[in-house]
1. Using 0.36 nm per residue, how much length does the chain from ALA123 to GLU96 gain when fully extended, once their Cα-Cα distance is taken away?
2. Between ARG370 and ARG88, with labels modelled 7 Å along Cα→Cβ, what's the label distance in nm to one decimal, could you check?
3. Evaluate the Kirkwood expression for the hydrodynamic radius of the range 386-518, namely the inverse of the mean inverse distance over all pairs of different C-alpha atoms, and round to one decimal in Å.
4. Throw me the Rg/Rh for the range 1-97, computed over C-alpha atoms with Kirkwood Rh, two decimals.
5. Summarise the accessible area of the range 50-175 (1.4 Å probe, protein heavy atoms) by the percent that is carbon and sulfur.
6. Would you mind telling me the share, in percent, of accessible area of the range 419-539 contributed by carbon and sulfur at probe 1.4 angstrom?
7. For a bin width of 5 Å, list the pair-distance distribution of the range 136-244 built from all Cα-Cα distances, rounded to whole %.
8. Run the numbers for ASP211 and GLU408: contour at 0.36 nm per residue of separation, minus the present Cα-Cα distance, in nm.
Amino acid sequence: MAHTFATDVLVVGAGPVGLTAAAELRRRGVTCRIVDRLPARLPFAKAVGIQPRTLEVWDRMGMVRAALEAAVPMRGQFLYVNGVEKARIELSVPPEVPYGFVALPQYETERILDEFLGRFGAAVERGTELVSFTQDADGVTCRLHTPSGAEEELRTRYLVGCDGAHSIVRKGLGLSFEGGAFAEEYMLADVRVDWDLPPGYNLRAMHLDGDGAVDDVLVCIPLPGRGRYRMSMMVPPELSTARQDAAAPDGIAHGLQSGRGPALADIQTVLDRLSPQPTTAFDIRWTSVFRISHRIVDRYGDGRVFVAGDAAHIHPPTGAQGMNTGIQDAWNLAWKLALACEGAAHPGLLAGYDAERRPVGEEVVGRTVRHAVEGMENDPDDPATVMLREAQLLVGYRGSPTVDPVGEGRGPRPGDRAPDCAGLTGPGTAYPMRLYDVLRDRDHVLLLYGAGSEPGAGLDELVRTARESSGGRMEVCLVLAADADADAHAVIEADGTTLPVYADTRGEFARLYAAEEPTAFVVRPDGYLGARLPLSPSPLAAHLAAVFTPNPPN
């Protein structure tokens, strides 16, 4: 048996969630291996909806352009009931949100993430399966089965299970996975049609029986390619896999099922019943039968071992929440693991992963189950709130042990997403930038609004505190108020260093952050506010003491 000890993190599972975790760890310089039991990526368009918040994540990582170039925009949804158009929902977000909704087949998402991971000298070890693991106070010992048939024993500091609904990591931790399953089964197909519905719109067509219950449904989501859609529809009895699923060894029936997949004729039969206009299906790429469970773990980790994505939560695909939630699980965990691997994390920082992400998972599971049963169109919230929530722009971490108390006042508070804004200008720029342009490729950032008008000892001490309390891991940027003389403050020095200075020329930063006086904003690596503070070193030091070690190594 081979013995290997030289890696910080082992990621199990190379779907979008595991690839995100591995890429973000490698981008931060953490040694990491990622393994997957499958010999190659699957060519299935399973998860296809990409939410605006996930695009913001990819922007911060530096890979959003590749995703947008491969995706197609999702502009809205048509709802038909018994052949009659009942609603047209436009998928729109506020103008300050930099990205909209897009569709990208999962095989393309995995390709883009895989290629991004390769930039950092890492690759998926395919055909490699985690068999078992044990952990102690110092690390995790993992037993792997390799493509050659040999076994390898790997010693790693942390283990991250992104290995899906039947997760070996979750089972090895002994986590509960409570929930249930839907009786309905669905056919999935990646297929083209020749209708003339407007491009970029989802289609949901339903048939109601005499009692008003849904007895037939067709959902079509646009994919790249003229007339191509990922379709889902109810399964006819001859294609049912219910008996097979009932015998599943872990009792979890979720995801693509084995057995005979639907044929093109099966898809056409449903289109003949439910399509809002006559159409012909052709150029089928793949089909499968899909089962849906709804479950969530009792905790997202134990000691040095963590779970993310479908290993932690599974639920109906309503609203395209699953993969996006998993990607954000991975990103939330990765920056915390990176600090822990450097010896720079406060002892409670990793516990913040469960504290922040498990409530999100619980909310998503509950909401998608309600929407699957009652229909998203029957959500009691106002349409604007529903849209922001489906875009995952309302996900927040207020009350987390790693963010400051919320406090009173207007504008985003600690634990909220740091909103983007436009109209920032800096020295030498011929065009205004967005705040996310300033934050890109940075980790912890201290934004000092209105702090540069009278530079002096107070600013020196504030900058020194930021650097010393973070072990040099926090960058400081100044944002001048709209009425400040930007030319007079183009160069501002503090603690012996020239600071980046940006002018809020349109006043958008002040408006969106409700900054009516000089204020310090701590923006975490995942784009959430850790603190909103007066321009004083003491509260800043207190906040950073809950994130970093008291004396982090340089």
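1. Working it through step by step, the gained length comes to 6.1 nm.
2. Taking the two extended label points, one gets 2.9 nm.
3. After inverting the mean inverse Cα-Cα distance, the result is 16.0 Å.
4. 1.13
5. Using a 1.4 Å probe with all protein chains present, the range 50-175 comes out at 49 percent carbon and sulfur.
6. 46
7. Over the range 136-244, the share of Cα pairs per 5 Å bin runs 2, 8, 11, 12, 12, 11, 11, 11, 10, 7, 4, 2, 0 percent.
8. Fully extending the segment from ASP211 to GLU408 adds 65.9 nm.
The values are calculated or read from the model by the stated rules, or taken from the named source; none is laboratory data. Note that the structure is a prediction, hence the values are computed from the model and not measured. Glycine gets a Cβ as well: all are built from the backbone with ideal geometry, and neighbour counts include every protein chain shown. We work out accessible area using only protein heavy atoms, side chains counted, and drop any ligands, DNA or RNA first. Shrake-Rupley method; radii C 1.70, N 1.55, O 1.52, S 1.80 Å.
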